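Reading through the structure tokens given below for one structure.
The values are calculated or read from the model by the stated rules, or taken from the named source; none is laboratory data. Values in this document were obtained by computation on a predicted structure and should not be read as measured data. Cβ: placed from backbone, ideal geometry, glycine included. Neighbour counts: every protein chain shown.
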Amino acid sequence: MKKSVLFLFLFLFLLLFCFGCAQKPKNPVIHINLVNNGRSIKFTGLDYAIISEINRDSVPGIWQSLVPVYRMPADTDMKSYQPVQSGIYQLKDSSVVFTPDTPLVKNQTYFVRYYQFGKGNSIWDFIKGKKRPGSTHYTDLIFK
């Protein structure tokens, strides 16, 4: 009886150890390039399934919910209060091309706020305090 309990405990320990060592999915690597003589911004590395689904949506401004472009303020603490750079988003192959309504200013710093909607939504992220209800995980990508 004691041997079977010991084997069961050892099996459960090894099983938990294997799940703990499992490789975590990596974040996509997003690349930003200026195209059309610096008039447009090209995003590559976005998940094709997500951008295809967003492209089918007819809601105006839906692209701004995934990759909005902002002008970097002089005081970087004010980044979250900047207006979104308006423009046209187009899906080309597996990349997204953004052409702003007003031309990009040379030597002006801009940033893209890449929202990762699926990341950090487990119950453990809330318990550990890494995530608050109603908050969205994002990464700011800075370019000139």
State yes or no: is residue 67 closer than 22 Å to residue 137 by Cα and at pLDDT below 90? yes
(1) touching a residue at least 12 places away in the same chain (Cβ under 8 Å); (2) surrounded by 14 or more Cβ atoms within 10 Å (Cβ to Cβ); (3) not hydroxyl-bearing (Ser, Thr, Tyr) all hold for residue 36 apart from (2)
Of the residues that sit in the stretch 38-55 and are within 17 Å of residue 143 (Cβ to Cβ) and part of a loop (DSSP other than H, G, I, E, B), which one is modelled with the lowest pLDDT? 46
All positions within the stretch 56-99 that are in a helix (DSSP H, G or I) and surrounded by 14 or more Cβ atoms within 10 Å (Cβ to Cβ): 62, 63, 64, 79
For the structure I just gave you, tell me whether residue 52 is under 20 Å from residue 31 (Cβ atoms) and in contact with a helix residue (DSSP H, G or I) (Cβ under 8 Å, 6 or more places away or on another chain). no
